[in-house]
Amino acid sequence: MGNTSVEATCFVSGSSDVESVEECSQAGNSLVSGAAKSNLTTGTVREGWSRSDADSKFRITGAMLKRAQPTDFAAIEAILERWSSLSLAEQTALTEKIVPALALRLQTEAPPLPDHQRYLEDLLAAEYRRQSRSLG
């Protein structure tokens with residue numbers, strides 16, 4: 001999972017001119033800034049959002065995971081790591097941008113707004129399981 005900074009100006013600050021995680025990344029931006037970057041650790045995210053396939057609400061296939069970009073997972077990690085510190089308005093603004101873009105890339109239907117957080121968690125958990133299997 002490489003670089004976990006994709007830029008706060010895209011999502012956290014509520015910029016409305018970025019349509020996808022990929023655009024945010026191509027613009028050289030990141031989802032977290034300053035002190036938040038120093039607190040962001042992949043290990044803590046993995047521990048908090050690793051769940052079994054049976055515990056997942058959304059079915060995420062291997063083919064869907066192959067369509068995703070590393071920056072997608074980095075963005076999801078950053079969002080979920082900061083989730084509890086975001087206001088409801090910020091959570092909604094973030095997920096209304098990222099979830100439809102991810103669903104389009106993964107070639108699946110986007111879930112309704114109340115399920116956005118769970119969708120991101122399930123997608124990230126599926127990627128963690130895929131990585132774990134590939135390590136043996």
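The values are calculated or read from the model by the stated rules, or taken from the named source; none is laboratory data. Because the structure is a prediction, the values reported are computed rather than measured. No Cβ is skipped: glycine too gets one built from the backbone with ideal geometry, and neighbour counts run over all protein chains shown.
For the range 95-112, the condition holds for at least one residue, the condition being that it is out of contact with any strand residue (DSSP E or B) (no Cβ under 8 Å at 6 or more places or on another chain), free of Cβ contacts under 8 Å to residues at least 40 places away in the same chain and β-branched (Val, Ile, Thr).
The set of residues from the range 40-94 being among the basic types (Lys, Arg) and either more than 14 Å from Tyr119 (Cα to Cα) or at pLDDT 95 or above (or both) comprises Arg46, Lys66, Arg67, Arg82.
A residue that is in contact with a Cys (Cβ under 8 Å, 6 or more places away or on another chain), in a helix (DSSP H, G or I) and among the small types (Gly, Ala, Ser) cannot be found anywhere in the range 92-110. Please indicate, with yes or no, whether at least one residue in the range 4-17 is at pLDDT 55 or above and either in a helix (DSSP H, G or I) or in contact with a Leu (Cβ under 9 Å, 6 or more places away or on another chain) (or both). Taking every residue of the range 4-17 in turn, none turns out to be at pLDDT 55 or above and either in a helix (DSSP H, G or I) or in contact with a Leu (Cβ under 9 Å, 6 or more places away or on another chain) (or both). Within the range 71-88, the set of residues being of a type in the set (S, T, N, Q), more than 20 Å from Ala126 (Cα to Cα) and either part of a helix (DSSP H, G or I) or touching a helix residue (DSSP H, G or I) at 6+ places or on another chain (Cβ under 6 Å) (or both) comprises Ser84, Ser85. You will find that of Pro111, Pro100, the residue that is at pLDDT 95 or above and either in contact with a helix residue (DSSP H, G or I) (Cβ under 7 Å, 6 or more places away or on another chain) or loosely packed, with under 14 Cβ neighbours inside 10 Å (or both) is Pro111 and no other.
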